[in-house]
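The values are calculated or read from the model by the stated rules, or taken from the named source; none is laboratory data. Everything numeric in this text was worked out from a predicted model, so none of it was measured. Every residue, glycine as well, gets a Cβ built from its backbone with ideal geometry; the counts of neighbours run over all protein chains shown.
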């Protein structure tokens with residue numbers, strides 16, 4: 001550290017604490033971090049250096065002396081009998097050597113370490129009485145957390161009942177996988193809602209919901225790695241993890257007991273390479289003295305255990321130059337900015353675009369055309385601008401002006417209440433019409449084969465369609481105007497459009513693109529009301545009364561059909577010959593002959609070769625199977641295709657029978 005006087009250090013410490021407290025408030029209480037982890041870590045390490053140099057500057061309320069964030073929420077407070085401490089951080093292998101030397105000096109001999117992946121999630125405590133889950137709580141400030149029991153009951157891999165009547169407490173990490181994180185952010189983006197910065201904040205924002213139904217809809221998982229009060233025959237961290245797995249807890253099986261630092265460094269190198277291929281986010285490696293007796297002997301400081309340390313990966317960033325900012329209009333009218341940049345290699349892929357999500361984020365980061373920016377992958381999956389390199393900003397740079405009119409139709413853009421997004425509210429906006437028709441023709445909806453995005457764009461550019469009803473009035477002569485459309489392709493598309501008229505009404509309901517009404521909700525609604533006229537006439541209360549259909553979906557559905565334009569569209573579609581009745585079978589177990597899948601709960605995962613996911617789901621449902629999206633102990637079979645990820649791993653951990661796609665087809669046939 002360069003020479004710095006006490007007075008200079010005092011001023012810098014005050015400024016650092018103020019900044020770090022503000023960042024911690026955003027991170028812990030609002031689940032909305034304002035800076036990247038590495039930026040926070042650099043400032044935090046600087047504060048530690050100054051406090052080490054001048055111990056008289058350390059105060060009890062310094063952020064270096066407390067764990068996590070202060071609790072300010074509507075959840076019931078929980079006092080932890082055993083504090084949930086943070087871990088110390090190191091950022092190099094040399095610092096790991098120093099940690100190991102410190103341990104050896106304290107205990108007098110070399111030690112073995114249990115080495116685990118550092119999951120990008122939030123800490124969670126689970127308490128059981130006579131084998132029953134009685135309380136789940138967050139870490140909070142280490143001494144006091146939040147009671148999230150109601151929400152934790154909706155996380156499928158948390159055992160509600162243990163196989164033995166134990167009264168005990170375990171701890172671990174609640175996390176959101178990369179696929180679920182990307183899907184959630186995409187959905188929020190389309191609805192004009194703020195996106196989550198990383199999987200940790202997505203998991204925290206999902207678990208810390210006052211409405212447990214919101215948590216239920218989000219795909220959260222856990223890795224359990226700490227047994228607070230293990231039985232006396234458990235003497236090591238590695239043994240504790242294996243025993244917790246035997247009790248039904250979801251553990252991360254990549255953990256290993258390693259004899260020395262050379263093996264630890266090899267593990268770090270291995271997972272530095274594998275990091276991008278994991279289905280969940282990690283931000284480092286955790287070393288724990290494996291011997292539990294030694295852990296107790298080493299004890300804790302005020303804030304961290306002396307027997308464990310987190311090695312944090314260096315941020316994987318690249319610098320590039322912003323050449324343009326494009327604005328795209330989604331199906332719901334949300335207008336989204338995207339930075340177009342010089343291509344760079346990042347985490348194994350070429351990146352040239354980064355979504356900025358909304359005008360507020362664009363202003364906050366102050367991204368301008370011509371700026372040099374640092375980019376990384378949020379959650380190891382989504383390209384994102386970390387910061388602008390101000391030292392390289394061109395001298396003639398000017399702030400970017402947010403557009404006031406829609407880039408597609410020229411209508412004035414608006415901010416709706418409680419939304420951060422800009423939105424075009426013109427229902428005839430060509431971009432919205434285009435996205436709406438693409439969705440209408442998609443496989444989960446009307447499944448019009450051959451009507452992909454490029455064809456839809458040509459239809460709109462040639463002024464042949466203005467809404468989905470116009471699809472049913474297309475003629476061979478009109479389709480002949482499209483590029484590369486000859487007699488065969490014309491006949492195929494017209495046949496596919498005509499065949500879609502016979503679809504059951506839930507596919508039409510899905511295709512309308514009503515906010516919050518996806519394929520599953522549409523099917524349940526259609527099963528209940530049987531035809532479109534009754535669906536359109538249904539009240540909020542009647543729709544919300546359907547099992548798993550809440551008020552949000554009900555209000556969105558009834559608001560949509562209250563619009564004269566929606567009523568007119570349905571009238572036009574009915575006049576065009578579209579079926580308005582529910583043709584699906586109300587599956588009753590009594591009506592289905594006995595078969596391999598009857599009354600079984602099944603999960604599909606991976607890329608299927610012979611059927612689409614929706615086609616396979618329908619086949620299984622017709623046999624009386626219940627097809628769900630997540631693996632739990634209640635799952636009977638997991639059917640997997642190629643590149644199956646975390647669901648397959650979870651099934652293997654739980655001992656659930658696995659079937660390849662071909663094996664499942666053989667059982668069906």
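Observations on the structure shown:
- Verdict on residue 557 being in contact (Cβ under 8 Å) with a residue 40 or more places away in the chain and either more than 30 Å from residue 249 (Cα to Cα) or in contact with a helix residue (DSSP H, G or I) (Cβ under 6 Å, 6 or more places away or on another chain) (or both): yes
- Residues satisfying the stated conditions in the range 514-532, i.e. part of a loop (DSSP other than H, G, I, E, B), within 31 Å of the chain's Cα centre (by Cα) and surrounded by fewer than 18 Cβ atoms within 10 Å (Cβ to Cβ): 515, 516, 518
- Members of the range 132-156 that are surrounded by fewer than 20 Cβ atoms within 10 Å (Cβ to Cβ) and within 19 Å of the chain's Cα centre (by Cα): 153, 154
- Residue in the range 586-613 that is farthest from residue 641 (Cα to Cα), counting only those that are in contact with a helix residue (DSSP H, G or I) (Cβ under 7 Å, 6 or more places away or on another chain) and at pLDDT below 75: 586
- Residue in the range 619-627 that is within 30 Å of residue 222 (Cβ to Cβ), surrounded by fewer than 16 Cβ atoms within 10 Å (Cβ to Cβ) and either in contact with a helix residue (DSSP H, G or I) (Cβ under 7 Å, 6 or more places away or on another chain) or modelled with pLDDT of 90 or more (or both) present: no
- In the condition set (1) assigned to a loop (DSSP other than H, G, I, E, B); (2) modelled with pLDDT under 90; (3) surrounded by 14 or more Cβ atoms within 10 Å (Cβ to Cβ), residue 448 is compliant with all but (2).
- Scanning the range 333-360 for residues that are closer than 26 Å to residue 515 by Cβ, surrounded by 18 or more Cβ atoms within 10 Å (Cβ to Cβ) and in contact (Cβ under 8 Å) with a residue 40 or more places away in the chain yields 333, 334, 335, 336, 355, 357, 358, 359.
- Which numbered condition residue 254 fails, given (1) within 28 Å of the chain's Cα centre (by Cα); (2) outside any helix (DSSP H, G or I); (3) within 30 Å of residue 373 (Cβ to Cβ): (3)
- The requirement of being modelled with pLDDT under 95 and surrounded by fewer than 14 Cβ atoms within 10 Å (Cβ to Cβ) is fulfilled nowhere in the range 278-291; no residue meets it.
- Selection within the range 119-131: residues that are under 26 Å from the mean Cα position of the chain (by Cα) and not in a strand (DSSP E or B). The member of this set that is modelled with the lowest pLDDT is 120.
- Residue match in the range 429-441 (condition: touching a strand residue (DSSP E or B) at 6+ places or on another chain (Cβ under 7 Å), in contact (Cβ under 8 Å) with a residue 60 or more places away in the chain, surrounded by fewer than 17 Cβ atoms within 10 Å (Cβ to Cβ) and within 30 Å of residue 362 (Cβ to Cβ)): no
- Among (1) closer than 28 Å to residue 410 by Cα; (2) assigned to a loop (DSSP other than H, G, I, E, B); (3) within 30 Å of the chain's Cα centre (by Cα); (4) at pLDDT 90 or above, the one test that residue 440 misses: (2)
- For the range 104-114, the criterion of a residue being out of contact with any helix residue (DSSP H, G or I) (no Cβ under 8 Å at 6 or more places or on another chain), assigned to a loop (DSSP other than H, G, I, E, B), at pLDDT 80 or above and more than 27 Å from residue 297 (Cα to Cα) is satisfied by no position.
- When 639, 665, 656 are screened for being out of contact with any helix residue (DSSP H, G or I) (no Cβ under 7 Å at 6 or more places or on another chain) and surrounded by 19 or more Cβ atoms within 10 Å (Cβ to Cβ), only 656 passes.
- Test: residue in the range 644-653 that is without any contact (Cβ under 8 Å) to a residue 40 or more places away in the chain, surrounded by 17 or more Cβ atoms within 10 Å (Cβ to Cβ), closer than 20 Å to residue 521 by Cα and within 27 Å of the chain's Cα centre (by Cα): no
- For the condition under 17 Å from residue 22 (Cβ atoms) and modelled with pLDDT of 65 or more, residue 72 does not qualify.
- For the range 276-387, the strands (runs of 3 or more DSSP E) that sit wholly inside it and include 1 or more residues that are in contact with a helix residue (DSSP H, G or I) (Cβ under 6 Å, 6 or more places away or on another chain) are 282-289, 308-312, 318-329, 334-346, 372-378.
- The residue list 535, 549 contains one member that is assigned to a helix (DSSP H, G or I) and either more than 30 Å from residue 479 (Cα to Cα) or at pLDDT below 90 (or both), which is 535.
- Checking each residue in the range 223-250 for being surrounded by fewer than 21 Cβ atoms within 10 Å (Cβ to Cβ) and assigned to a loop (DSSP other than H, G, I, E, B) picks out 228, 229, 230, 231, 232, 233, 234, 235, 247, 248.
- Residue in the range 186-201 that is modelled with pLDDT under 95, over 21 Å from residue 283 (Cβ atoms) and in contact with a helix residue (DSSP H, G or I) (Cβ under 6 Å, 6 or more places away or on another chain) present: no
- Tally, over the range 459-506, of residues that are in contact (Cβ under 8 Å) with a residue 24 or more places away in the chain, within 18 Å of residue 572 (Cβ to Cβ) and either touching a helix residue (DSSP H, G or I) at 6+ places or on another chain (Cβ under 6 Å) or surrounded by 15 or more Cβ atoms within 10 Å (Cβ to Cβ) (or both): 11
- Close pairs (8 angstrom Cβ cut-off, 6 or more residues apart or separate chains): exposed (fewer than 13 other Cβ atoms within 10 Å of the Cβ) in the range 383-404, in a strand (DSSP E or B) anywhere: 392/372; 404/412
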